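A short worksheet on the structure shown next.
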Amino acid sequence: MDQNRLKMAAAESAAKQVRDGMIIGLGTGSTATLAVSVLGKRLQAGLRFVGIPTSERTAAQARALGIPLSDLADEPQIDMTIDGADEVEEATLDLVKGRGGALLREKIVANASKRLVIIVDDSKLRSQVAVGSPVPIEVVSFGWQATARELSKLGARPSLRRNPDGEPFRSDGGNYILDCVFEQIASAESLASSLDHVVGVVEHGFFIGMTSEVHVAGAGGVRVLSRTPS
């Protein structure tokens, strides 16, 4: 199966869990886009739910499909969020997210959700996340160079994300993103804790202990990984 078909299989598996009357967080990225598309078809078939989008891009897609939208001011408790991930640590279900640029809003919505359901193809599974691959870190644009230097002290090689025209990429919140490669990581949890204390960092792409389950599509079908309660 090609990657898009795998992603669609995972999206369909997760979307089956949506029930009438639910408040659903709608993720951002290529895989989450497929889930929103599936939910749009279920809406046309009679399912009734309200979506909370994690980006302007997702909001536009949902509106085009007729999905009714709300926000966290009116819906403080989300029943379930369906989103993709850049990397999934198989043993812990900890994630790296945000290479699509929406990590801050994604994390806010995920944190307000009873359940965070992740959809991926099996190429996203890792024994340890963020080893030699970039972790997106959203930073305040003012003095971003100073923030980058502080991140370097933690072992990062930060690179400012740019648009095709060479201008700095800005998130929906107006912030910059530094894509940071860490060659050595003791654990994602400990590094995430250190990043939380760097002045200038708005949010980072580590999602630690937030995932309820992961729908993983592979050649043999979709399997569901569930986090063991601590």
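The values are calculated or read from the model by the stated rules, or taken from the named source; none is laboratory data. Remember, predicted model here, so these are calculated numbers, not experimental data. Cβ: placed from backbone, ideal geometry, glycine included. Neighbour counts: every protein chain shown.
Residues that are touching a residue at least 24 places away in the same chain (Cβ under 8 Å) and outside any strand (DSSP E or B) were ranked within segment 173-186; the one that is nearest to ALA146 (Cα to Cα) is ASN175.
This table checks each residue for (1) farther than 12 Å from GLY205 by Cα; (2) assigned by TED's automatic domain parsing to the domain that holds GLY29.
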| site | (1), (2) |
| --- | --- |
| LEU103 | no, yes |
| SER113 | yes, yes |
| ARG149 | yes, no |
| ARG157 | yes, no |
| ARG161 | yes, no |
| PRO168 | yes, no |
| LEU178 | no, no |
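There is no residue in segment 52-75 that is in a strand (DSSP E or B), on the phi < 0 side of the Ramachandran plot and either of a type in the set (Gly, Ala, Ser) or assigned by TED's automatic domain parsing to the domain that holds GLU189 (or both). Of all residues in segment 188-202, those satisfying the criterion of being touching a residue at least 12 places away in the same chain (Cβ under 8 Å) and either not acidic (Asp, Glu) or not assigned by TED's automatic domain parsing to the domain that holds SER152 (or both) are ALA188, LEU191, ALA192, SER194, LEU195, VAL198, VAL199, GLY200, VAL201, VAL202.
Let's see how each residue does on (1) without any contact (Cβ under 8 Å) to a residue 24 or more places away in the chain; (2) among the polar types (S, T, N, Q); (3) under 24 Å from SER133 (Cβ atoms); (4) outside any strand (DSSP E or B):
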| position | (1), (2), (3), (4) |
| --- | --- |
| LEU39 | no, no, no, yes |
| VAL50 | no, no, no, no |
| ARG99 | no, no, yes, yes |
| GLU106 | no, no, yes, yes |
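Restricting attention to segment 147-180, the residues that are out of contact with any Cys (no Cβ under 8 Å at 6 or more places or on another chain), closer than 16 Å to VAL135 by Cα and polar (S, T, N, Q) add up to 4.
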